[in-house]
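Report on the structure given below.
What follows draws every value from the coordinates through simple rules; no lab data is involved. Since we're looking at a predicted model, the values are computed, not measured. Because the Cβ atoms are built from the backbone with ideal geometry, glycine has one as well, and the counts that use them run over all protein chains shown.
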Amino acid sequence: MEYQIAKGTKLKLKGSKNKALLEVKKKKRKSTTTTSDSAEKKAAQAVLEDTVKHGGWWFVTKFDEISGTVAIEFGNSTYVKCLDDGTFTLGAPHNDGDGPAPEEIFTAIRINDDKIALKSGYGKYLGVDKGGGVVGRSDAVGAVEQWEVVFEEGKMALLSNSGHFMTIDPVEESVVCKSRKAGPSEIIKLRCIVERKVERTGAEVPGEEECGSVKDIELNYVKKFQKFQDKKMRLCEEDLESVKKAKEEGTLHESLLDRRSKMKADRYCK
């Protein structure tokens, strides 16, 4: 009887795993991987649907994505709108599938690693007056026209040079900077229409910038983006020194977009 018991017992070696336990762990790992992939797909689908809902304008999630033409969204499909007197208000809500109106479109120019300048369709830079109102009346970028882009827990806010966050006055519906804390009323979405940047290695550069002088690079981008009914090529005649400087500082695209906008023909400039 004792022999039968011994014979029916499997020999267990030190360090060996129970087969059933291994199978359970494999199933758990597979389940975790599948759940993760599914979550990523759902997140990507949600972003795509959001972009389509806003007429192709996708929202920025990190500073490096801010480039060129942008819109500032408060709430759902309502954007900061520039008035002809240099003040700003909140535009009317847009229907699904519609992007911002021309007067709700700005040009973002990077100043450094966390600050930008914003230029309205009237060619003026956004700043803050003594009363805390956001105005666009400056022809150049000074300290007042610099905005810090603040990211926290997946949310974004714009901090002015005065230390106050951009928001909408609930009574006047004007754009102001009066709060030193970013609450729900100060949360924005910065939306872009330009193609998302693709991650590149340090050795890679866009085809338009592979060779030639800054003048050649500008010509390449003009050929790519400008649209003229008479099919004639037109270049900005201003000095190229600012473009050379912008290339060294890493703001080449913004500088070239600014020059093309002056020709009133870039498909990304309104």
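Observations
- Estimated dipole of region 58-192 in Debye, rounded to 20 [Cβ of Lys and Arg +1, of Asp and Glu -1, Cα centre]: 300
- Highest average packing first - 127-135, 114-122, Cβ atoms within 10 Å: 114-122, 127-135
- Packing rank of 43-53, 158-168, 60-70, where each peptide gets the mean count of other beta carbons within 10 Å, highest leading: 158-168, 60-70, 43-53
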